[in-house]
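Everything on this sheet refers to the single structure shown next.
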Amino acid sequence: MPSPLSIYIHIPFCKALCSYCAFNTYIDLAHLMPAYARAICAELAYVADGCPARPVHSIYFGGGTPSLLTLAQFAQILRQLGASFALTDDCEISLEANPDDLSVSYLSELRALGFNRISIGMQSANPRLLTLFERQHDLQAVGDAVRSARSARFDNVNLDVIFGSPYESLADWQGTIGAAVDFAPEHISMYGLELKGGTSLRTQVDAGVLPQPDEDLFADMYEYAAGFLAGHGYGQYEISNWRLPARECRHNLQYWRNLDYIGIGAGAHGFANGMRYSTITAPARYIAALEKAPKQRRFPLTPAVAKHSAVSAADDLYETVMMSLRLTREGISRAHFQARFGADICDIFPAPCQKMAGLGLLHIEAERVRLSDAGRLLSNAVIREFVEAIPPAAIPLLAAS
């Protein structure tokens with residue numbers, strides 16, 4: 001059976017820009033949404049036309065704020081997905097949403113359309129931090145959204161939370177992670193704040209208006225949450241993700257296993273058929289590109305693709321290591337690695353494997369290589385050891401594989 005695909009659909013529209021967000025997002029462009037939905041359908045049809053017959057087992061609407069689309073627009077896009085691709089019977093269909101967009105009636109309609117997973121942007125339980133993030137909701141809205149999701153028969157709910165913010169104390173963070181668990185979601189994504197260039201938060205920190213986040217406190221927050229979540233039945237399966245039993249996010253596993261996914265929409269990224277690519281970022285230009293008479297291009301490229309590059313065997317090797325080491329339980333499967341690259345990971349990367357295992361940051365097991373508990377806290381440093389290594393043994397092995 002052909003290996004399954006995943007599809008990411010980017011909805012770049014927002015009511016307001018969050019102070020930490022560096023994604024491709026826009027405000028005051030609601031008038032483009034009808035044409036944008038049509039453009040997404042056109043891109044889906046285009047990419048499907050050249051796609052080998054492969055089942056699709058996950059679809060993820062991200063943003064931006066996908067929940068700003070109307071139900072009619074979602075129905076339009078989902079009809080196109082069903083017409084263009086062979087969706088598996090258990091296809092995971094996820095929607096990112098702001099808490100204040102989620103009424104019972106809206107969620108019930110989404111459920112009827114086929115959505116079966118909701119990811120709610122909680123971010124914090126602290127009103128002061130929500131204001132700092134320029135979020136439009138409060139904690140009450142998060143609780144209301146989760147209850148509405150249950151009333152609408154959603155049994156797979158994720159909450160996104162952020163830690164390590166300026167002015168955030170350990171007690172603040174304990175309150176946030178405790179509130180998240182109290183809402184009893186099936187999945188919690190827990191992200192350390194990154195001060196990305198061009199964001200309002202980064203500008204304020206660089207100007208001295210806000211303090212730099214405390215790195216030691218950052219580690220304390222992570223360790224506290226990991227223990228707290230484990231004590232409440234949430235198993236960690238990726239550096240930033242915890243779930244109740246059998247509730248991993250299938251779509252994100254596709255990324256972390258470095259498997260093929262199609263990126264649709266303005267500013268989307270994709271990886272398929274040995275190519276990484278990104279689409280035009282500006283919504284109006286994206287729409288215009290898909291209104292032109294199409295010219296045949298190699299799958300998965302479409303008229304909306306702005307950049308693309310072939311992934312070399314060496315790049316594929318490094319990317320697989322970088323992504324798979326984030327999977328805290330699964331790690332790098334030695335059998336899958338051998339099948340993909342023609343050699344065992346410890347033969348290609350002997351020095352990083354020996355060094356990181358010797359420092360107690362890496363477990364080298366018969367079936368897999370994975371981070372230790374200590375290694376999870378220093379995951380970037382461990383991954384850097386592999387990325388910066390020059391494995392001469394890899395060159396002939398990759399050439400032969």
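Kindly check whether there is at least one residue in region 259-268 that is among the charged types (D, E, K, R) and not assigned by TED's automatic domain parsing to the domain that holds Arg38. Let's see the steps before the verdict.
Step one: filter region 259-268 for residues among the charged types (D, E, K, R), giving 260.
Restricting the remaining residues to those that are not assigned by TED's automatic domain parsing to the domain that holds Arg38 gives 260.
Yes, region 259-268 contains a residue that is among the charged types (D, E, K, R) and not assigned by TED's automatic domain parsing to the domain that holds Arg38.
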(request) Pull up region 170-197, narrow it to residues that are polar (S, T, N, Q) and touching a Leu at 6+ places or on another chain (Cβ under 9 Å), then point me to the one that is farthest from Arg247 (Cα to Cα). (result) Thr176
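Can you tell me which of Ala171, Ala152 is closer than 19 Å to Ile118 by Cβ and at pLDDT 95 or above? Break it down into steps so the answer makes sense when it comes.
Values: Ala171 fails: closer than 19 Å to Ile118 by Cβ.
The match here is Ala152.
Could you go through region 31-43 and let me know if any residue there is among the aromatic types (Phe, Trp, Tyr), at pLDDT 95 or above and closer than 27 Å to Arg297 by Cα. Walk me through it before giving the result.
Filtering region 31-43 for residues among the aromatic types (Phe, Trp, Tyr) gives 36.
Now restrict to residues that are at pLDDT 95 or above: 36.
Narrowing the set further to residues that are closer than 27 Å to Arg297 by Cα leaves 36.
For region 31-43, residues among the aromatic types (Phe, Trp, Tyr), at pLDDT 95 or above and closer than 27 Å to Arg297 by Cα: present.
Among the residues in region 254-263, are any touching a residue at least 60 places away in the same chain (Cβ under 8 Å), of a type in the set (Asp, Glu) and part of a loop (DSSP other than H, G, I, E, B)?
As a first pass, look at region 254-263 and keep what is touching a residue at least 60 places away in the same chain (Cβ under 8 Å): 254-263.
Within this subset, residues satisfying the condition of being of a type in the set (Asp, Glu) are 260.
So of that shortlist, the ones also part of a loop (DSSP other than H, G, I, E, B) come out as 260.
Yes, there is a match, as at least one residue in region 254-263 is touching a residue at least 60 places away in the same chain (Cβ under 8 Å), of a type in the set (Asp, Glu) and part of a loop (DSSP other than H, G, I, E, B).
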(request) Taking Glu319 as meeting all but one of (1) modelled with pLDDT under 95; (2) assigned by TED's automatic domain parsing to the domain that holds Val387; (3) not in a helix (DSSP H, G or I), write down the number of the exception. (result) (3)
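Here's the yes/no breakdown for (1) within 27 Å of the chain's Cα centre (by Cα); (2) surrounded by fewer than 18 Cβ atoms within 10 Å (Cβ to Cβ); (3) of a type in the set (S, T, N, Q); (4) at pLDDT below 90:
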position: Ala335; (1), (2), (3), (4): yes, yes, no, no
position: Pro350; (1), (2), (3), (4): no, yes, no, no
position: Ala357; (1), (2), (3), (4): no, yes, no, no
position: Gly360; (1), (2), (3), (4): no, yes, no, no
position: Ala366; (1), (2), (3), (4): no, yes, no, no
position: Ala381; (1), (2), (3), (4): yes, yes, no, no
position: Ile390; (1), (2), (3), (4): no, yes, no, yes
position: Ala393; (1), (2), (3), (4): no, yes, no, yes
(message) Filter region 185-233 down to the residues that are of a type in the set (Ser, Thr, Tyr) and in a helix (DSSP H, G or I) and list them by number.
(response) Ser200, Thr203, Tyr222, Tyr224
(message) For region 275-304: of the residues being more than 16 Å from Ala45 (Cα to Cα) and among the polar types (S, T, N, Q), which is surrounded by the fewest Cβ atoms within 10 Å (Cβ to Cβ)?
(response) Thr281
(request) Mind counting the residues in region 1-23 that are surrounded by fewer than 18 Cβ atoms within 10 Å (Cβ to Cβ) and of a type in the set (Ser, Thr, Tyr)? (result) 1
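Within region 145-158, identify whether any single residue is charged (D, E, K, R), buried (at least 19 other Cβ atoms within 10 Å of the Cβ) and touching a residue at least 12 places away in the same chain (Cβ under 8 Å), and answer yes or no. Even if it seems obvious, please write down each step before you answer.
So in region 145-158, the residues charged (D, E, K, R) come out as 147, 150, 153, 155.
Then keep just the ones that are buried (at least 19 other Cβ atoms within 10 Å of the Cβ); that gives none.
The answer is no, given that none of the residues of region 145-158 is charged (D, E, K, R), buried (at least 19 other Cβ atoms within 10 Å of the Cβ) and touching a residue at least 12 places away in the same chain (Cβ under 8 Å).
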(message) Anything in region 30-88 that is of a type in the set (Ser, Thr, Tyr) and part of a helix (DSSP H, G or I)? List them, or say none.
(response) Tyr36, Tyr46, Ser67, Ser84
(message) Can you find a residue that is under 23 Å from the mean Cα position of the chain (by Cα), in a loop (DSSP other than H, G, I, E, B) and closer than 24 Å to Ala39 by Cβ anywhere in region 111-134?
(response) yes
(message) Is it the case, given these coordinates, that Ala272 is under 23 Å from Asn24 (Cα atoms), buried (at least 17 other Cβ atoms within 10 Å of the Cβ) and outside the structural domain of Ile348 (by TED's automatic domain parsing)?
(response) yes
(message) Can you tell me which residue is nearest to Leu253 (Cα to Cα) among those in region 189-219 that are loosely packed, with under 13 Cβ neighbours inside 10 Å and among the charged types (D, E, K, R)?
(response) Lys196
(request) Go through region 264-287 residue by residue and tally those that are outside any strand (DSSP E or B) and touching a residue at least 24 places away in the same chain (Cβ under 8 Å). (result) 12
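Within region 127-144, which residues are over 18 Å from Pro211 (Cα atoms), in contact (Cβ under 8 Å) with a residue 12 or more places away in the chain and touching a helix residue (DSSP H, G or I) at 6+ places or on another chain (Cβ under 8 Å)? Break it down stepwise before answering.
Taking region 127-144 as the starting set, the residues that turn out to be over 18 Å from Pro211 (Cα atoms) are 127, 135-144.
Then drop every residue that is not in contact (Cβ under 8 Å) with a residue 12 or more places away in the chain, which leaves 127, 135-137, 139, 141-144.
Listed by number, the residues that qualify are Pro127, Gln136, His137, Leu139, Ala141, Val142, Asp144.
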(request) Could you list, in sequence order, all residues of region 288-300 that are in contact (Cβ under 8 Å) with a residue 60 or more places away in the chain and either within 20 Å of Ser6 (Cβ to Cβ) or among the basic types (Lys, Arg) (or both)? (result) Arg297, Arg298, Phe299, Pro300
(message) I'm trying to understand the selection: among the residues of region 138-174, which are assigned to a loop (DSSP other than H, G, I, E, B) and either outside the structural domain of Leu217 (by TED's automatic domain parsing) or more than 22 Å from the chain's Cα centre (by Cα) (or both)?
(response) Asp138, Ala152, Arg153, Pro166, Tyr167, Glu168, Ser169
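Would you check which residues across region 368-379 are surrounded by 15 or more Cβ atoms within 10 Å (Cβ to Cβ), in contact with a Gly (Cβ under 8 Å, 6 or more places away or on another chain) and not in a loop (DSSP other than H, G, I, E, B) and list them?
Of the residues in region 368-379, the ones surrounded by 15 or more Cβ atoms within 10 Å (Cβ to Cβ) are 368-372, 375-379.
Still in the running and in contact with a Gly (Cβ under 8 Å, 6 or more places away or on another chain): 368-372, 375.
Correct list: Arg368, Val369, Arg370, Leu371, Gly375.
The values are calculated or read from the model by the stated rules, or taken from the named source; none is laboratory data. Just so we're clear, the structure is a prediction, and the values are computed from it rather than from any experiment. Heads up, the Cβs are rebuilt from the backbone with ideal geometry, glycines too, and the neighbour counts pull from every protein chain shown.
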